Amino acid sequence: MSAVADAPATRAVHRAPATGGRGSLFRAELHRLRSRRFLRILLGLAVLGWIAATLVAHGHYGVPTDADRATARQTVQQILQQSEAGRQQCLNDPNRPTGVPPEEACGPPVTAADFSVNDFLPHQPFDLARTGTAGALGFGAAAAVLAFLVGATWIGAEWSSRSLVALLFWVPRRSTVMGTKIAVLVLASALLGVLAQGAWLATAGILRAVDSTGGALPHGFWGHLLATQGRGVLLTVFAALLGFGLTNLIRNTGAALGIGFVYFAVIETAVKILRPAWEPWLLSSNAAGLIAPGGLKIYIFDRAGRTGFNEPRVYLVHNLQAGIVLGVVTAVLVGAGVYLFQRRDLH
Amino acid sequence: MPAVQMAAVSKTYRRRGRPPQKALDGLDLLVESGGVHGFLGPNGSGKTTTIRVLLGLVRPDDGGTIRLLDRAVPAGLPEVVGGVGALVETPLFFPGFTGRLNLMLLAEAAGVPRARVEECLELVDLTDRADDRFKGYSLGMKQRLGIAAALLKAPRLLILDEPSNGLDPAGIRDVRELIRRLGRDGSTTVLLSSHLLAEIQQVADTVTILARGRRVASGAVAEVLAGRSAGEVRVRVPDAGMAATILAGAGFSVSPPDVPDGRTLLVHGVAAPGEITRVLAGQGTYVEELTPMTADLETAFLALTGDPA
C-alpha cells in the first residue's frame with residue numbers, strides 16, 4: 001500500500017468531489033442485478049434449453065409427404081382388417097355367452113371414421129392453433145421457475161455477503177433500499193417473462209414455417225394466446241417475488257430453496273392425498289389456474305355418492321381467483337420480510 | 001460543532017431463550033470536529049455496537065440522544081450520510097464482483113463520480129488488482145478495499161473499526177499515515193476504533209475508553225495518560241543502596257526495580273524530580289540518570305477497564 005504514503009495520494013484523500021451528484025439507487029441496483037454471474041449463467045442455460053427444445057420439436061413435427069400419407073392410410077386399412085377379422089372370429093365362436101347381444105360381446109364394427117390418418121404419420125405437421133396455448137403455459141412455467149431462482153438468489157447473496165448492510169451506509173432508509181430492490185426485481189422478472197413468451201412465439205414461428213402445412217388460425221386465436229401469455233408474465237413476476245420474499249424472510253438462499261422444494265414436493269402431495277378439498281388453495285393449483293385459459297378445473301374426490309363410489313366434484317380455480325390468492329401470499333411473504341428488515345438490528 | 005454526540009445511550013440485546021444483554025449502559029461520547037479520536041475498549045465493551053448505533057444499523061433503547069454531524073440519529077441520518085464514511089468490522093462486499101465493480105455500484109447509488117473510484121483504488125494501492133474478484137482478495141486487500149469504500153465519499157466523518165485487521169506491517173504503517181493525514185487536514189474527523197493500543201497512542205489526538213458499555217475515561221491522549229501517572233521516577237546512581245538510604249531519610253518513597261542491579265532505584269510520588277538531584281548531590285552522590293516514568297496507554301487502559309486487553 002505504498003501509494004498511501006506517497007505525497008500525490010494526499011490530493012485524492014481530501015475534498016475530492018463527494019456525493020454532490022444525484023445518485024440513482026435504482027440504476028445501481030439494476031447494474032448489480034445485471035452483473036450477477038449466476039443470472040448470466042442461468043440465462044445462458046435458458047437460451048441453450050430454448051434452442052434444444054426448438055430442435056426437439058422440429059424433430060417431432062414435420063410436413064408429411066404423399067408417401068407418408070399413403071403409408072399411414074395403408075396402416076389404417078391393416079388395422080381395420082385385423083379388427084374385423086377378430087370381430088368375426090368372436091361372432092363365430094361357439095363358446096360366446098348366450099343371451100348377450102353380439103354387439104356387446106364382440107364390440108361394434110370398427111370403421112375408418114374411428115381413426116385419423118394423421119395419427120399414423122411418422123411426423124405430424126405443427127399445428128399452432130392446437131399447441132399455441134400449451135406452449136405458452138410451458139414457457140410460462142419454465143420462466144416462473146427461473147424467476148423464483150433469480151429472486152431467491154439475488155437477495156440471498158446480498159444477505160450472505162452482507163453487502164445489503166454496507167449499502168445502508170450509503171442509503172440509510174431501509175424502506176428505500178428494499179423497495180428499490182423489489183422494483184428492480186419486478187422489472188427484471190417481467191422482462192424475463194416477456195422474453196420467455198417471445199421465445200415461444202419464435203419457436204412457434206420457426207415450426208410453423210418449417211414443419212407446418214399452413215392453414216388459417218381460428219378467429220380470436222391471437223387475442224386468446226396473448227392473454228394467456230400475459231398471465232404467464234404475471235406468474236413469472238409472482239414467482240420472482242415469492243423467491244425474494246421467502247429468502248428475505250429467512251436470510252438464507254439454501255434454506256429458502258429447501259423450503260420451496262419441501263413445499264412443492266412433499267406438502268402439496270400430502271395435501272392432495274390427505275385433504276383433497278384444500279387443493280384449490282395450493283400454490284401450484286393457483287399458478288396453473290392463473291395461466292390456464294378460463295382457469296383450472298380440479299376434480300375433488302372427497303365424498304361418496306349414491307353408488308358407494310367416490311364421485312368427484314369440480315372446483316374451478318378461475319384466473320382472477322388464482323391471481324388474488326397468489327397476490328395475497330406474495331404480499332404477505334414480501335411484506336413480512338420488509339417489515340422485519342425495517343425493525344431488526346443489523347449486524 | 002461536534003462530529004459525534006451521544007448522551008446516556010443504552011442498548012440491550014434481547015434474544016429469545018437468553019437473558020437480556022446490556023451492550024451499552026448510558027454511554028456518553030463526544031467527538032469534536034477535526035483530528036483523530038481513538039475509541040478503545042476490551043472485547044465486548046460495546047465499541048462496535050456504538051458504531052452500529054451511530055450508523056442506524058442498531059436501534060438503541062429509549063432515552064438517550066444521538067447526533068451525528070449535528071443531525072439526530074436515526075431520523076436525520078439520510079441528510080448527513082453523504083458526509084460519513086464507515087468501515088465496520090469486516091468489509092462487506094459482493095464476493096463475485098470485482099473490487100472496482102463493488103466500488104462503482106456504491107458510487108452509482110450515491111452519485112459519486114466514477115473518477116473518484118479510481119482515485120480511491122489508487123489511494124489504497126489496489127488499482128492493479130481492481131478487476132479481480134473480491135472473493136480472491138487476501139484479508140489485507142479486502143480491508144484496503146473497505147477503506148477505499150469508506151473514503152469514496154470524501155467524508156467529513158470517517159468511522160474506522162479495526163482498520164489494521166489483516167494488514168501486513170507496511171500496510172499498517174500506511175493506514176496509520178493515512179489516518180494521521182486525514183486528521184491533520186482540519187476538515188475530516190476520524191473516529192478510530194482499535195484494540196491496538198499503540199495505534200491509538202501513535203495516531204489519536206483524543207481518546208474515549210469504554211468498559212462494559214460505559215465511558216470510563218475520555219479527553220486528550222496526553223491528559224488521560226497524565227491522569228494515570230503515579231509520579232514515579234527511575235534514578236540511576238553509582239550505589240543504589242546508599243542513594244536509597246539518603247532519599248528515604250529525606251522523606252521519599254523508594255523501591256528497587258523489578259530486576260535489581262545495584263545501581264537503579266524507583267522513587268514514587270515525586271512532584272518535582274529536581275528535588276531528588278538536589279538531595280543526593282547534597283550528600284555527595286551524583287545522579288547518572290533521572291527518568292520520569294509516564295504511563296503508556298496500555299497501562300492506563302488496563303487500569304481503567306480492569307480487564308486484560
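The values are calculated or read from the model by the stated rules, or taken from the named source; none is laboratory data. Given the structure is predicted, the values throughout are model-derived calculations rather than measurements. Quick reminder, even Gly has a Cβ in these numbers, built from the backbone with ideal geometry, and neighbours come from all protein chains shown.
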Any chance A:PHE244 is crowded, with 17+ Cβ neighbours inside 10 Å and within 14 Å of another protein chain (Cβ to nearest Cβ): no
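Condition check: more than 9 Å from chain A (Cβ to nearest Cβ) and touching a His at 6+ places or on another chain (Cβ under 7 Å). Does B:LEU145 satisfy that? Explain how you work it out, then say what you get.
Working: more than 9 Å from chain A (Cβ to nearest Cβ): yes; touching a His at 6+ places or on another chain (Cβ under 7 Å): no.
No; evaluated as a whole, the condition is false for this residue.
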Applying the selection to the range B:119-142, what residues are in a helix (DSSP H, G or I) and more than 10 Å from chain A (Cβ to nearest Cβ)? B:ASP128, B:ARG129, B:GLY136, B:LEU139, B:LYS142
Out of (1) in contact (Cβ under 8 Å) with a residue 40 or more places away in the chain; (2) β-branched (Val, Ile, Thr); (3) touching a strand residue (DSSP E or B) at 6+ places or on another chain (Cβ under 6 Å), the one A:ILE300 does not meet is (1)
Of the residues B:SER255, B:SER187, B:SER193, B:SER218, which single one is hydroxyl-bearing (Ser, Thr, Tyr) and within 13 Å of chain A (Cβ to nearest Cβ)? B:SER187
Output the number of the condition that A:ALA113 fails; it satisfies all remaining conditions of (1) away from every other protein chain (no Cβ under 14 Å); (2) touching a Lys or Arg at 6+ places or on another chain (Cβ under 8 Å). (2)
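Any residue at all in the range B:166-176 that's more than 10 Å from chain A (Cβ to nearest Cβ), in a loop (DSSP other than H, G, I, E, B) and within 20 Å of B:VAL88 (Cβ to Cβ)?
Filtering the range B:166-176 down to residues more than 10 Å from chain A (Cβ to nearest Cβ) leaves B:166, B:169.
Keeping just the survivors that are in a loop (DSSP other than H, G, I, E, B) gives B:166.
Those left that are additionally within 20 Å of B:VAL88 (Cβ to Cβ): B:166.
Yes: one or more hits.
Determine if the range B:54-67 includes at least one residue that is away from chain A (no Cβ under 14 Å) and without any contact (Cβ under 8 Å) to a residue 24 or more places away in the chain.
Within the range B:54-67, the first condition is being away from chain A (no Cβ under 14 Å), and the residues that meet it are B:62-65, B:67.
Subset that is without any contact (Cβ under 8 Å) to a residue 24 or more places away in the chain: B:62.
The answer is yes; a qualifying residue exists.
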When residues of the range A:122-170 are filtered for being away from chain B (no Cβ under 14 Å), part of a loop (DSSP other than H, G, I, E, B) and surrounded by 18 or more Cβ atoms within 10 Å (Cβ to Cβ), how many remain? 1
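Only one of these is surrounded by 12 or more Cβ atoms within 10 Å (Cβ to Cβ), closer than 30 Å to A:TRP154 by Cβ and of a type in the set (S, T, N, Q): A:THR75, A:THR54. Name it.
Numbers: A:THR75 fails: closer than 30 Å to A:TRP154 by Cβ.
Among A:THR75, A:THR54, only A:THR54 is surrounded by 12 or more Cβ atoms within 10 Å (Cβ to Cβ), closer than 30 Å to A:TRP154 by Cβ and of a type in the set (S, T, N, Q).
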Can you confirm whether B:LEU225 is free of Cβ contacts under 8 Å to residues at least 40 places away in the same chain, surrounded by 15 or more Cβ atoms within 10 Å (Cβ to Cβ) and assigned to a helix (DSSP H, G or I)? no
Scan the range A:217-274 for residues that are within 19 Å of A:LEU320 (Cβ to Cβ) and over 19 Å from the mean Cα position of the chain (by Cα) and report the count. 1
Counted residues in the range B:71-118 being within 21 Å of B:LEU54 (Cβ to Cβ), in a helix (DSSP H, G or I) and within 8 Å of chain A (Cβ to nearest Cβ) come to 8
For the range A:253-275, indicate whether the set of residues that are surrounded by 21 or more Cβ atoms within 10 Å (Cβ to Cβ) and either in the same structural domain as A:ALA152 (by TED's automatic domain parsing) or at positive phi (or both) is non-empty. yes
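Out of all the residues in the range B:23-32, is one or more part of a strand (DSSP E or B), closer than 22 Å to A:PHE341 by Cα and within 14 Å of another protein chain (Cβ to nearest Cβ)? Lay out the reasoning, then the answer.
The first filter runs over the range B:23-32 and keeps only residues part of a strand (DSSP E or B), leaving B:23-31.
Next cut, closer than 22 Å to A:PHE341 by Cα only: B:23.
Checking the rest, the ones that are also within 14 Å of another protein chain (Cβ to nearest Cβ) come to B:23.
Yes, the range B:23-32 contains at least one residue that is part of a strand (DSSP E or B), closer than 22 Å to A:PHE341 by Cα and within 14 Å of another protein chain (Cβ to nearest Cβ).
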Could you figure out which of (1) outside the structural domain of A:LEU91 (by TED's automatic domain parsing); (2) among the polar types (S, T, N, Q); (3) more than 23 Å from A:ALA204 (Cα to Cα) isn't true of A:THR111? (1)
Tabulated pairs, the range A:28-56, first closer than 15 Å to A:PHE148 by Cβ, second crowded, with 16+ Cβ neighbours inside 10 Å and hydroxyl-bearing (Ser, Thr, Tyr), C-beta under 9 angstrom, 6+ apart or interchain: A:PHE38/A:THR153; A:LEU39/A:THR153; A:LEU42/A:THR153
Listed residues A:ASP211, A:ASP119; which is out of contact with any helix residue (DSSP H, G or I) (no Cβ under 7 Å at 6 or more places or on another chain) and either closer than 30 Å to B:GLU89 by Cβ or of a type in the set (D, E, K, R) (or both)? A:ASP119
Filter result (at pLDDT below 85, hydrophobic (A, V, I, L, M, F, W, C) and either assigned by TED's automatic domain parsing to the domain that holds B:ARG212 or in contact with a Leu (Cβ under 8 Å, 6 or more places away or on another chain) (or both)) within the range B:269-309: B:MET293, B:ALA295, B:LEU297, B:ALA300, B:PHE301, B:ALA309
Only one residue in A:THR54, A:THR75 is within 26 Å of A:VAL194 (Cα to Cα) and at pLDDT 90 or above. Which one? A:THR54
